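J.: Here it is, the structure, as structure tokens.
The values are calculated or read from the model by the stated rules, or taken from the named source; none is laboratory data. Predicted, not measured: the structure shown is a model, and the values here were computed from it. Neighbour counts are summed over all protein chains in view; Cβ atoms, including those assigned to glycine, are modelled from backbone coordinates with ideal geometry. When the accessible area is computed, the model is the full protein with side chains, heavy atoms only, and any ligands, DNA or RNA have been set aside. Shrake-Rupley method; radii C 1.70, N 1.55, O 1.52, S 1.80 Å.
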Amino acid sequence: ATTHGDRLASAKSAFADDSPSDALQLVEQRLQTAEGFLNLSVDHVLCREYSKLRPECRPIEVSGLRRVAEFIQTYCASHCWTSPQPGASGEHEIIADPKTLSIAQFVYNVIQPVTAPIGHGLNVSWHPGSDGSVPGGFAIERLVKGSRRFRYVRGAPPDPEPGQRDRFVRDFSGSIAEMLCAGERVAPWFCTHWWGQPMLEFIECICAHAHAFLLGDDALYWLFAFAGKFSAMELERGAEASVIEYPFFRAVKLAEGGLLVMDQNAMVTRRAWIAFETAIVTRLKKTFAVSTFDGGKGHTLALDPVPRDHRNPNRDAAAQQQMRQRKFPGQRLAAMLETRLEKANSGSARDVSTLRECIEQILGGYDAADKELHTIAAATLFSLGEVQAAATRALNRASQQFSLHGEVEHFVKARSEHNLGLWMCRTLRLQGQDVADEDVATIGKSLLQAVNLDSVSLDLHGSKVHDAGAKVLARGLEAPVGLTSVSLDFELTQIEDAGVAAIGAGLGRAHHLISVVLDFSETKLKDAGLVSLAESMTQVRTLISVDFSFYGTEVADQGVVALGSFITKSMGLERISLNLSETKIGDEALKEVMAGVTGDHRLNSVVLRLAGTGISDRGLELLGSCLASSRFLTKVDIFLNATAIGDVGAVGIGNGLGKAKRLASVSLSFKDCRVGDAGAVALGLGLRKCAPLSVVALDFSGTQVGDAGAGALGVALGAAADLSSISLDFTGTTVGDSGATVLGLGLEAASQLRSVSLTFNDGPQKAHVREKVQEILAGFSGSPTHTPVTRRAHAAQF
């Protein structure tokens, strides 16, 4: 067996100038290996003969990058890839370790040869010599679709004679992306990076980003190394084109977000083009994320919680984000605070001139561009819990609005030690449990300077905040003239009526509020505080969405009646969510809450949590009557767990919702209530009258519903013409084999049904019920009246 040294010597000999035929054979072998391993299709390009796909629409999938990583690990050593530039000895260095292969070296050894120009022979009578020699250099001959083509390994096809037609197509794709896909695609993510970063680390960083954002292997990223045409770069961007016409700039504009892949030495912070691309991403208000490689794996950092942080509904997304990002090496990002675009490495003299011109035109000059970079770096560092003087100075000097998300203790530290200001802060989101009144007062005083603030979110759940801190915070909420969104979580704090009233008074003076979320669950709030809050909120005429939670408080009818008056007067409200579970409210109070939602009231979404309250059948009947008269209602979620609701209440709410002409989504929970077969049947008959109804979720667990009720419910809902998704829970009921069978047969009539979730008892009849339901639901994928769906979507849950 040959040793690695033998292979290196063979490679060096093959590439020597005196053995072109060996070099041609070696190149041909490598090209064929790459095209086969990476699943590249030359036909995608040859069918056009020249590129017709716009460069900004040539992304690569994560699966393609994984194949590239496997290809590198398999062939880097055996193919004896070399560095693009010769070393001190005049020879090209052999890259023996695939882990050290850089992006630029991969382009040189794989992408450029695979996408090199191919000459298209037209009435060409000559053939390559025995050594591969052809006019103009050395080439590999290929027969493609009956036509001879030549891939020039050295040199280029000769120019045509004056007045003669060019016999060669010189503008080959030059883009790996076009050999992976025949059509244009738009990448949601634009990626910027340093070309010297090891390719395997780079791919791991992108995979880590896809993992954090819950993107699959088909996720698309725009990478210049795969989208660019290295054989005709000037042609693609235009010799005299401005930067805004460059492929990368057009790709950024099309993307939803920008990903900065940071190498271990933070070289990206010292490269002008990379810094410029990052500044463009932030200037265009794209979602910004950073990925880096550390400790043998990729890590992703973002200002806001990413989709993976939201995956567990039982855990706070911000807390999940903090845990996920704690291993991110912040010192690399801190290097961006020192970036100076004017002094950064810009490449050629032409690049220096081009950058200077576009930075002046697009970003307003070097100083403004530097501030843009420093601001995004400082804000991202703050989300990591890094409180630095340099970062605080960057935020105080910001000329563009920024978002600040992190812990209360870090905010207080930055404020007290470095005098952090919020002059240019647009969004402030802070959370913390070990928070005292003085900390909240610090936040409130900071808000007095936040003239550009648009959104505030404070999660003080379980903290030591009392009325004193809430009052200072309330005064701060009055200051930002453009404040449109407020979210305050005081659950399990020590706040009482006076503090709640102060918060209401502060919000009542914020005359541009659109969305308000307030959580006073399990506090000492009573009717007096809620009345003051409701009266103050009535002064805000711009509200569209409110979400109030008073779970487990001493709120009773008087406070809820005042809340109903607020809803009645807020004619612009479109969405309302009220959590009144475990309070002392009764039927009449519930009626007052929804009494004003009639006629021209714009309310289209209602969420009511009434578990453990004194609501009876009469109250639910009244609620149904109120909702029936709403002209715009499209979505209703009502949770009545552990109440005295029985069949009469179910009939009342079913009849009421059946008259809501625009209702499309209904979720009702009767868990541990007294509802029986009659209530289930009436509810189904009422809901099927809703012509646009498409989503239904009903929880009858722990109720008195049996086979007759379940079966009749299925038949009734099966008649809902637009029903596409249904979820039914019969855990703890007597529903068995016969009820499940009729239920399934009834639902089979719903021609638009695409998603079914059924939950039954885990008892002796479980196997029989499962077999019956699965047999019926299997018809969904085979019936010609149903669009084929995944088995998982129709699987009954037991």
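J.: Quick one: with all protein chains in place, what share of the accessible area of region 292-369 is carbon or sulfur, to the nearest percent (1.4 Å probe)?
T.: Working: 1870 of 4180 Å².
Its accessible area is 45 percent carbon and sulfur atoms.
J.: Let's test the formula: R0 of 41 Å, r as the Cβ-Cβ distance of ASP304 and ASP159. What FRET efficiency results, to the nearest 0.05?
T.: On the way: r = 56 Å, r/R0 = 1.36.
For R0 = 41 Å, the calculated efficiency reads 0.15.
J.: Arranged from highest to lowest average of other beta-carbon atoms within 10 Å per residue, in what order do the peptides 93-103, 405-415 appear? Don't skip to the end; give the middle numbers.
T.: Numbers: 93-103: 16.7, 405-415: 20.6.
Highest to lowest by the protection proxy: 405-415, 93-103.
J.: Ordered by packing density, taken as the mean number of other Cβ atoms within 10 Å over each peptide's residues, highest first, how do 210-219, 284-293, 187-196 rank? Intermediate values should be presented prior to the final figure.
T.: Working: 210-219: 16.6, 284-293: 19.9, 187-196: 22.3.
Going by the mean number of other Cβ atoms within 10 Å, highest first, we get 187-196, 284-293, 210-219.
J.: Here are some pairs, LYS584/LYS671; LYS253/LYS371; LYS286/LYS445; which of them have Cα atoms lying more than 23 Å apart in this structure? Could the numbers behind the result be given before it?
T.: Numbers: LYS584/LYS671 19 Å; LYS253/LYS371 21 Å; LYS286/LYS445 31 Å.
Pairs exceeding 23 Å: LYS286/LYS445.
J.: I need the calculated FRET efficiency for the pair ASP434 and SER41, taking r as the beta carbon distance and R₀ as 51 Å, to the nearest 0.05. Don't jump to the answer; show the numbers that get you there.
T.: Values: r = 59 Å, r/R0 = 1.15.
Calculated transfer efficiency: 0.30.
J.: 5 Å is the cut-off here: which amide hydrogens, built 1.01 Å from N in the peptide plane, fall below it relative to MET262, excluding neighbours closer than 5 in sequence?
T.: Excluding prolines and chain starts, which carry no amide H, the hits are SER291, THR292.
J.: Packing-wise, with mean Cβ within 10 Å as the measure, how do 523-534, 444-455 rank, highest first? Can you show the working numbers first?
T.: Values: 523-534: 22.2, 444-455: 19.2.
Highest-to-lowest ranking by the protection proxy: 523-534, 444-455.
J.: Hey, another quick one. Where in region 206-228 is the amide nitrogen less than 15 Å from a point lying 7 Å along the Cα-to-Cβ axis of VAL186?
T.: 220-222
J.: How far apart, in nanometres, would the label points at THR33 and ALA528 be if each is projected 7 angstrom from Cα along the Cα-to-Cβ direction?
T.: Using points 7 Å along Cα→Cβ, the separation is 8.4 nm.
J.: Where in region 66-89 does the amide nitrogen come within less than 20 Å of the point 7 Å from the Cα of ALA96, taken along Cα to Cβ?
T.: Taking a point 7 Å out along Cα→Cβ of ALA96, the residues of region 66-89 whose backbone N falls under 20 Å are 72-89.
J.: In addition: Would region 251-315 count as rounded, prolate or oblate if I go by the C-alpha gyration tensor, calling it rounded below 1.5 in a/c and otherwise prolate when a/b exceeds b/c, oblate otherwise? Walk me through the intermediate numbers first.
T.: Values: a/c = 3.07, a/b = 1.29, b/c = 2.38.
Judged from the Cα gyration tensor, region 251-315 comes out oblate (a/c at least 1.5, b/c at or above a/b).
J.: For LYS253 and SER545, compute 0.36 nm times the residue count separating them, minus their Cα-Cα distance, and round to one decimal in nm.
T.: That pair, LYS253 and SER545, stretches by 102.0 nm at full extension.
J.: How charged is the neighbourhood of PHE37? Take every other residue with its Cβ under 10 Å from the Cβ of PHE37, and add Lys/Arg as +1 and Asp/Glu as -1. Write out the running numbers ahead of the final one.
T.: Details: positive: ARG67; negative: GLU35, GLU70.
Surrounding charge for PHE37 is -1.
J.: Does region 504-562 come out rounded, prolate or oblate by the C-alpha gyration tensor, with a ≥ b ≥ c the root eigenvalues, rounded set by a/c under 1.5 and, if not, prolate when a/b is larger than b/c and oblate if not? Don't jump to the answer; show the numbers that get you there.
T.: Details: a/c = 2.24, a/b = 1.70, b/c = 1.31.
Here region 504-562 falls in the prolate category.
J.: Okay, moving on. Measure up LYS413/LYS526; LYS524/LYS591; LYS524/LYS659; LYS526/LYS689; LYS285/LYS635 against 30 Å on the Cα-Cα distance and list the ones that go over.
T.: Numbers: LYS413/LYS526 35 Å; LYS524/LYS591 25 Å; LYS524/LYS659 39 Å; LYS526/LYS689 40 Å; LYS285/LYS635 32 Å.
Exceeds cut-off: LYS413/LYS526; LYS524/LYS659; LYS526/LYS689; LYS285/LYS635.
J.: What do you get for Rg/Rh over region 384-425 if you use C-alpha atoms and the Kirkwood form of Rh? Let's see the in-between values first.
T.: On the way: Rg = 9.4 Å, Rh = 10.3 Å.
Ratio value, two decimals: 0.91.
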